[in-house]
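Heads up, the thing below is written out as structure tokens.
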Amino acid sequence: MFIDKIADKYHYIIGKHMDNYFLETDIHFPKELLDAARDVAINYPEKLIPRDRVWHKIYIGMPYADMEKVLGVKDAREIYKRLIKMDRAFPGGSQIKFDQYSLPDELQQAFIDACPKWMKDLKGREELIPIIQLSTNGNILYPHRGHFRHASIFCLLEHANEHTRWWRETEPFKLISDFRIPDVSKLEAAYEIEIRPNIWSVFNHAAWHSVHSNKDFEKRINVGIDFATLSVDEFLPILQSNSKTVVPANLL
Ligand SMILES: [Fe+2]
């Protein structure tokens, strides 16, 4: 139902075309490894190693004076306007608490070991960066994007039937520093799916995307392998020639 409301406003398209947002692959990791990651996340979260999250320093509801301290006068004014637009675009939204970690070293190495050989042969082990993400509370991750145009593969372990939505820019706007806050009035929804658990998929973090749930999250857990330098556009043809995954022709 919440989706219908947003659909009226943003004319999203579900499953009609894909652009380069998300693609299920036949890449497979052993179940024991996924279970081990889930076990650490749920039972031993203190063993996870937090990753830098500079963009978390800015948030909806933050006092304007604090924002100015972090961003300076000019950018603070723009970001403040963007946050107000964001709040209006998603009434009733409460930000999901979202944390990104590295796994304990042994598990981290086990994930790299378990990557298909062709992935390890691309640019060596340093190209492959396993990560784990935990999301709790809240019902929305507001539209945001990664810093770089890099590919990653993604696997959902625990979920709440939330929807992931990708957005395209209807007109360009400035990307302010490391803070991934878009001008939502210059975005339109382009593609939306409910990601299925336990299937490794290509996830384009470089495109604006958001996550929406009709109930507050208890816990959403996903693991991923980020590529240090490879873009999605570079990765898809490599995936096509090395695996059984069928990459749509328009993406090659
Ligand atoms: Fe994201």
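Please treat every number below as a calculation from the coordinates, not as lab data. Just so we're clear, the structure is a prediction, and the values are computed from it rather than from any experiment. Because the Cβ atoms are built from the backbone with ideal geometry, glycine has one as well, and the counts that use them run over all protein chains shown.
Taking strands (runs of 3 or more DSSP E) that fall entirely within the range 108-201, which contain at least 1 residues that are away from the ligand (no atom under 14 Å from the Cβ) and crowded, with 16+ Cβ neighbours inside 10 Å?
Details: elements: 128-136, 140-144, 152-158, 163-169, 187-193.
Result: 128-136, 152-158, 187-193.
Go through the range 54-99 and count every residue that is among the aromatic types (Phe, Trp, Tyr), in a loop (DSSP other than H, G, I, E, B) and under 18 Å from the mean Cα position of the chain (by Cα).
Initially, the range 54-99 is screened for residues among the aromatic types (Phe, Trp, Tyr), giving 55, 59, 64, 80, 90, 98.
Right, trim to in a loop (DSSP other than H, G, I, E, B) and you get 59, 90.
Checking which are under 18 Å from the mean Cα position of the chain (by Cα) leaves us with 59.
Within the range 54-99, residues that are among the aromatic types (Phe, Trp, Tyr), in a loop (DSSP other than H, G, I, E, B) and under 18 Å from the mean Cα position of the chain (by Cα) number 1.
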